[in-house]
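Have a look at the structure below, then the notes.
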Amino acid sequence: MARANAVDALDALTEQAIDWMVELRSGAADEAQRAAFQAWLAADARHQQAWHSLGGALDATFGQARAGQGRASGARTDAVSHAIEQVAVLGARRRRMLRAALGVAGLGLGSSWVARSSGLLADWRADLHTATGERKTFTLADGSRLQLDARSSVDVRFGDGLRLVQLRQGQLRADVFADAAAPFVVRTEHASLRALGAQFMVRQEESRTQAVALSAGLEVRTLLAQPEQRAVLAQGQGAWIDGMQITRLAQPGLAAAASAWTHGVLHAEDQRLDEVLAALRPYRLGYIRVSPAAARLRVTGIFALDDSDAALQALAETLPIDIHRHSGGWLVRVERRA
Amino acid sequence: MPAADAAAAAALFTAHQPWLLERLRKRLRDVAEAEDVSSETFLRVMGYKRLHAMHEPRAYLTTIAKNILTETWRRRDLERAWIDALAALPQDLAPSPEERAVLRESLQAIADALESLPAKARTAFLLSQLDGLTYAEIALRIDMSERMVRRYMADGLRCCMRALQS
């Protein structure tokens, strides 16, 4: 079917699902149409699958911004359209500039080349961020302070009786300015942490978050676990929060070890080697690979974050591992000695 | 990564990293960004399975570095454009802080999926998806027939499907 400006049609089942979605979102669908849609859905498992995929595509694009019917101001669209149009113009200008600057090789590279970001680049979308090897303290509008570890980023959302800090990546130490009228909350992918005292630490890893109360009181809530779980950490206590549960930590010296990075020191107490190396990663441009056998080794010690080469050297001297440096230290392989 | 590929990656890095970094430094003026982009470029190269079969490494490296810069700048541009767009809205229409946070979260994905749509089609689709307007309201608002609105809805949905598949 040829028509101007149209997007090419997809496979037949997807097109059917699209037709139904168009019908049901119109704002004028009646009972008969809804019944017909239910019949279509029930008629074939492939219909359900196509419908489900389409819903998934909308969720992936719009996330929580997806509206129900009838908000009707149009302001959200105005803002988003405007931003996209502007970015298209800027993008075209930038592409021309880059072509002139670097020269285009004229190679058609597949998406495998550009697929996944390694997390190495500073996250420019975030309100506050640090680069590789950089620690920085930010003072927020309310006088509270956030110290970010290397390669960390946060968004700050203050207002309406809530001071919300979203930790996107890495770790932070918060020094909270007391304000009973506006709770101070740090959110990660896994947890929501409300300050009851002045100081606490939060570290986000891929599948879990660590929180440690440095002064009296930190309320911990799970964001992914069903049903939601809560705990209150007293001074010096900590917890891991993952998709399932809160696991309390209360070993002596936890607070000092957890905040050692703020002084540029990595303090490991009987930690797995891969955890120790993970803490070094944000301080190195390049890549550290650790073999599974080496990853399980336990490490206790104090290492300088700002000199990660020395830290690697110290690990090699105390553990049964071989450290192979390639490409001037840019690629490091850590293997258990045979 | 198999040993052969690791060796190929290391050889590639040794042979071309200084060259790429120098090139980026000259063009970008920002040393830290040049280093980050150079590192990211090699990290992505290492993810490539047929590394040893690469014939024109510098051409590939340049193209990848360019893609990385394009992505990075686009993210920054989008952020700036978003702030401008919010500032341009009349006070009484501006979205609440919660709405802004939610929209900003999805902005990148929305822009990626819908950038290729003509502006009118994109606006019509967003009015339905983000603001929940009915087709009759959309038709009135941007002065088009409801038949066109339906067509644009289908185009928008196809774009979202394609973005998910790519």
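The values are calculated or read from the model by the stated rules, or taken from the named source; none is laboratory data. Quantities reported herein were computed from a predicted structural model and do not represent experimental measurements. Methodologically, a virtual Cβ is constructed for each residue, glycine included, from the backbone with ideal geometry; neighbour enumeration extends over all protein chains shown.
Computed quantities for the displayed model
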| quantity | calculated |
| --- | --- |
| Matching residues, the stretch A:136-164, being over 13 Å from A:Ala174 (Cα atoms) and out of contact with any His (no Cβ under 9 Å at 6 or more places or on another chain) | A:Ala141, A:Ala150, A:Asp155, A:Arg157, A:Phe158, A:Gly159, A:Asp160, A:Gly161, A:Leu162 |
| Matching entry among B:Ala111, B:Ala139, B:Ala154 (being in contact with a Ser or Thr (Cβ under 9 Å, 6 or more places away or on another chain) and either in the same structural domain as B:Ala81 (by TED's automatic domain parsing) or of a type in the set (A, V, I, L, M) (or both)) | B:Ala139 |
| Residues located in the stretch B:67-84, provided they are within 7 Å of chain A (Cβ to nearest Cβ) and either surrounded by fewer than 21 Cβ atoms within 10 Å (Cβ to Cβ) or among the hydroxyl-bearing types (Ser, Thr, Tyr) (or both) | B:Asn67, B:Thr70, B:Thr72, B:Trp73, B:Arg75, B:Arg76, B:Glu79, B:Asp84 |
| Test: residue in the stretch B:90-101 that is under 23 Å from A:Gly91 (Cβ atoms), at pLDDT below 80 and not in a helix (DSSP H, G or I) | no |
| The lone exception for B:Arg104 - which of (1) at the interface with chain A (Cβ under 7 Å from one of its Cβ atoms); (2) assigned to a helix (DSSP H, G or I); (3) surrounded by 16 or more Cβ atoms within 10 Å (Cβ to Cβ); (4) not small (Gly, Ala, Ser) it fails | (1) |
| Within the stretch A:1-118, helices (runs of 4 or more DSSP H) holding 2 or more residues that are modelled with pLDDT under 90 and surrounded by 17 or more Cβ atoms within 10 Å (Cβ to Cβ) | A:75-102 |
| Tally, over the stretch B:93-117, of residues that are touching a residue at least 40 places away in the same chain (Cβ under 8 Å) and over 13 Å from the mean Cα position of the chain (by Cα) | 1 |
| Residue that is aliphatic (A, V, I, L, M), more than 22 Å from A:Ala92 (Cα to Cα) and at pLDDT 80 or above, where the choices are B:Ala15, B:Ala34 | B:Ala15 |
